[in-house]
Amino acid sequence: MKTLEERIAEVYNGQPNPESPYYAITILADSDGNLKRSCYSHWVGWADLDQRIELRAASLIRADIMASLWLQIGQGYIVVNSLEDMSIFLLCGGNGLVEKSVAESAIPEMIEPSPVVQSSDGGFVHVESIPKSAFNRAPTPKLRMQVIQRDGSRCRICGRRPADYVDVELHVHHIRPWGMGGLTQDENLITLCHTCHKGLDPHYNPSLFALISSSKRTFNAENFTNDYWEGVQQYQEIILKTLPEDYWN
């Protein structure tokens with residue numbers, strides 16, 4: 001009988017069956033212990049047109065191409081062809097190529113249509129993982145001050161600040177407009193002076209995202225991969241806490 005370590009080695013970075021359909025599913029966790037699930041998906045309708053909440057369902061993918069892409073960016077994956085493989089995937093987390101019938105049997109909630117909103121990085125986030133306040137039109141006073149302090153109490157376009165210019169009034173601006181489904185969260189908010197805010201044309205300018213990323217951490221492929229492995233580690237730490245002490249014996 002094979003050990004768990006041997007079974008993990010068999011399915012990790014393995015070759016998917018070229019005759020089987022697969023879903024691409026990722027399971028991670030953040031530093032606060034919140035699980036984060038995502039999958040390659042397609043649009044199937046609107047859950048709430050006014051708030052731009054979409055319904056998206058998991059898409060079948062070319063497993064060989066997805067596996068190659070994951071390896072190219074320094075990430076691994078687990079090939080899931082059976083319920084036993086699924087138990088390993090749920091134990092380890094990370095990327096998974098999950099065969100269609102196995103996914104439909106074991107994790108139907110991950111592939112069925114779900115309400116999501118578009119995030120600032122162009123992906124999609126399940127509405128249940130977003131605080132209700134993110135759908136408010138205006139930020140709370142606390143969030144407003146957090147954004148202004150993050151941006152150094154100055155306009156991120158012209159650099160002026162009230163401490164130096166008495167005519168400067170700071171506004172907190174939605175980069176993706178609220179009316180287009182933009183969330184009221186720090187990653188979609190930027191500090192602008194009243195002059196730059198009034199002069200925005202067009203009002204939705206995606207290049208502003210780069211101005212706030214420089215005040216946090218600049219995105220690059222290495223950071224993206226590091227974030228993935230941190231998410232895998234944090235997921236495994238959560239799982240280990242649920243296992244009996246003699247699980248690995």
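Numbers for the structure displayed
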{"item": "Within the range 39-53, tally of residues that are assigned to a loop (DSSP other than H, G, I, E, B) and closer than 24 Å to M66 by Cα", "result": "1"}
{"item": "Candidates T184, T140, filtered to the one that is modelled with pLDDT of 90 or more, over 30 Å from V11 (Cα atoms) and either surrounded by 14 or more Cβ atoms within 10 Å (Cβ to Cβ) or among the acidic types (D, E) (or both)", "result": "T184"}
{"item": "Any chance R56 is of a type in the set (D, E, K, R), under 24 Å from T225 (Cβ atoms) and either assigned to a strand (DSSP E or B) or open to solvent by 40 Å² or more (accessible area, probe 1.4 Å) (or both)", "result": "no"}
{"item": "Subset of the range 219-232 that is assigned to a helix (DSSP H, G or I) and surrounded by fewer than 11 Cβ atoms within 10 Å (Cβ to Cβ) - its residue that is modelled with the highest pLDDT", "result": "E222"}
{"item": "Test result for Y235, of a type outside the set (S, T, N, Q), at pLDDT 90 or above and closer than 26 Å to G96 by Cβ", "result": "yes"}
{"item": "Matching residues, the range 162-180, being open to solvent by 10 Å² or more (accessible area, probe 1.4 Å) and touching a residue at least 12 places away in the same chain (Cβ under 8 Å)", "result": "V168, E169, L170, H171, V172, H174, R176, P177, W178, M180"}
{"item": "Top-ranked residue in the range 106-127 [being charged (D, E, K, R) and out of contact with any strand residue (DSSP E or B) (no Cβ under 8 Å at 6 or more places or on another chain); ranked as nearest to K36 (Cα to Cα)]", "result": "E109"}
{"item": "Positions within the range 143-153 being open to solvent by 90 Å² or more (accessible area, probe 1.4 Å) and either over 13 Å from T184 (Cβ atoms) or free of Cβ contacts under 8 Å to residues at least 24 places away in the same chain (or both), in sequence order", "result": "Q149"}
{"item": "Subset of the range 32-45 (residues that are of a type outside the set (A, V, I, L, M, F, W, C) and open to solvent by 100 Å² or more (accessible area, probe 1.4 Å))", "result": "D32, K36, R37, Y40"}
{"item": "Exclusive hit being open to solvent by 90 Å² or more (accessible area, probe 1.4 Å), at pLDDT 85 or above and over 19 Å from R37 (Cβ atoms), set K216, K198, K241", "result": "K198"}
{"item": "Subset of the range 1-20 (residues that are open to solvent by 50 Å² or more (accessible area, probe 1.4 Å) and part of a loop (DSSP other than H, G, I, E, B))", "result": "M1, K2, T3, N13, Q15, N17, P18, E19"}
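Quick grid of which residues meet (1) over 16 Å from I53 (Cα atoms); (2) out of contact with any helix residue (DSSP H, G or I) (no Cβ under 7 Å at 6 or more places or on another chain); (3) among the acidic types (D, E); (4) open to solvent by less than 60 Å² (accessible area, probe 1.4 Å):
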position	(1), (2), (3), (4)
I65	yes, yes, no, no
S68	yes, yes, no, yes
I73	yes, no, no, no
V79	yes, no, no, yes
D85	yes, no, yes, yes
N95	yes, no, no, yes
I111	yes, no, no, yes
S133	no, yes, no, yes
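The values are calculated or read from the model by the stated rules, or taken from the named source; none is laboratory data. Everything numeric here is computed off the predicted structure, so don't read it as measured data. Here Cβ is always computed from backbone atoms with ideal geometry, including for glycine, and neighbour counts include all displayed protein chains. Areas reflect the complete protein model, heavy atoms only, side chains present, ligands, DNA and RNA absent. Shrake-Rupley method; radii C 1.70, N 1.55, O 1.52, S 1.80 Å.
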